[in-house]
Structures are given as C-alpha cells and as structure tokens.
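A short worksheet on the structure shown next.
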Amino acid sequence: MTLIAVCGGLGVLPGTGAALAADRTATLTSVPRPTGPETAQDVTGPDPAAQAGARGAAEQGPARTSARFSHESAARAARAQAELAVPADSGSGRRVVFDMAAQRVWLVDGDGAVQRTYLVSGSVTDNLQPGEYDVWSRSEQAWGIDDSGTMKFMVRFAHGDHAAIGFHDIPIKDGRLVQTRDELGSPRSHGCIRQWRPDAKALWRFAPVGTSVVVVA
C-alpha cells in the first residue's frame, strides 16, 4: 500500500499523476476571483452608465450650441426689427418720418405700413427741431449753398436760418460724391438730409407737395 501511494504520488502509476494534475487545475480555475473595485473593473470593462453619460453629453453638446446660436440669432433679429419699427411718437396716416438720433427715414402709407426705411445723413448742425411739417416745394435738380455741390430729387419741408431744409440725394462736387453710402447713418450734411440715390427717388415719388413730414429727436 505504501509503495502504491508513493508511486502514485510521483506520477509513476498510469493515470494517477495526470488525474491529480487535472484536479489541481480544476481547483485553481474554479477559485472565485476577487471582487474588489480594481478586479471588477478588469472583468466588466468600462462602466455602461459612464459610457451612456459620456455619449449623452457628446450628443447634447452640439444641441446646446445650436440652441444657443438660435437664441442669439432670434435676439439679434428682434433687435433689428425693433430698430426698423416706426417710432411710436411719429403720428399717424401717410407720412415721412425722420429720426434724427437714429439717422433713419421711414415712408409710411395711410394704413400705417412701412413702404421703405433706410439710413440717411442729416445736418452736422442743430438746425432742425422735432415736430410736424409739410412738403412745400420740390426740385428735381438743386444746388447747395456755400459751394456744397449739386443734388437731385430735393423735397423741401422746413426753413433753416439761411436756406430751405429738405431731403435729396448725396451731392456731387467736382465730379465725385461728397460721401459714400457706407457713411450714411451719421450726420454729415450742411443742413439737409442726404439719401442714397435709389432712396431719394423713392421719397420723391412718395412725397408730393402737402405730404406730412414728422421729425423726432
């Protein structure tokens, strides 16, 4: 019995050593692995909840950016719309409205609808007071005072200290415009209101003698 046990332990007997080795292997492979945080992380891989959160954040990032841009665009559009709205204190009915602070003109029809609005260049001097006026004279061709050039589509509605005040296109002096279109929107004239040529034509057609002109500060 002792010899058999020894031989078996040494793996001399057929099958005995192999069986023990198989038993030991089975025992080793069946031992539960530790379940601590590090081992659990190795076994399961990345946390599904964390992955889902990361995916959600990645998907929501562009959405948040798009929503922010949409909000900013809407705000800009609202501001632009407010800037283009006819001043509240500009009367009613068919009229031309000139806002001295905004350097902008509106052509408003009898129903209150804006037919046209655009930037202009008013006087660099304080020669015009807020109030209601009427167009009293028109000249398709006019000449400025103090050698300030020639202009077209003059529509006069007020009287200044030395000359009439009206709307006209940008004057030409020495064969050149005295200012550019991009400079409209700031005071630059000697006393009248300068307009880009297409806008001057539009006001000329819109405002015959007797048309109301409202000037706001």
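We did not get these values from a lab; they are worked out from the coordinates using the rules stated. Note that the structure is a prediction, hence the values are computed from the model and not measured. Quick reminder, even Gly has a Cβ in these numbers, built from the backbone with ideal geometry, and neighbours come from all protein chains shown.
Could you list the square roots of 5 times each eigenvalue of the Cα gyration tensor of region 95-216, that is, the equivalent ellipsoid semi-axes, sorted largest first and rounded to whole Å? Mind showing how you got there, number by number?
Values: eigenvalues 84, 45, 40 Å².
Output for region 95-216: semi-axes of 20, 15, 14 Å.
Find the relative contact order for region 95-216 and round it to a whole percent, using C-alpha pairs within less than 8 Å whose residues are 6+ positions apart. Show your work: numbers first, answer last.
Numbers: 274 pairs, mean separation 42.8, N = 122.
Reported as a whole number, the value is 35 percent.
Relative to the present Cα-Cα distance, how much length would full extension add between Asp182 and Ala163 at 0.36 nm per residue of separation? Before the final figure, lay out the partial values.
On the way: separation 19, 0.36 × 19 = 6.84 nm, distance 2.68 nm.
Result: 4.2 nm gained on full extension.
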What's the percent breakdown of Cα-Cα distances in region 81-153 across 10 Å bins, shortest bin first?
-> 15, 44, 32, 8, 0
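Could the peptides 141-147, 206-212 be put in order, highest first, of the mean number of other beta-carbon atoms found within 10 Å of their residues?
Output ranking for 141-147, 206-212: 206-212, 141-147.
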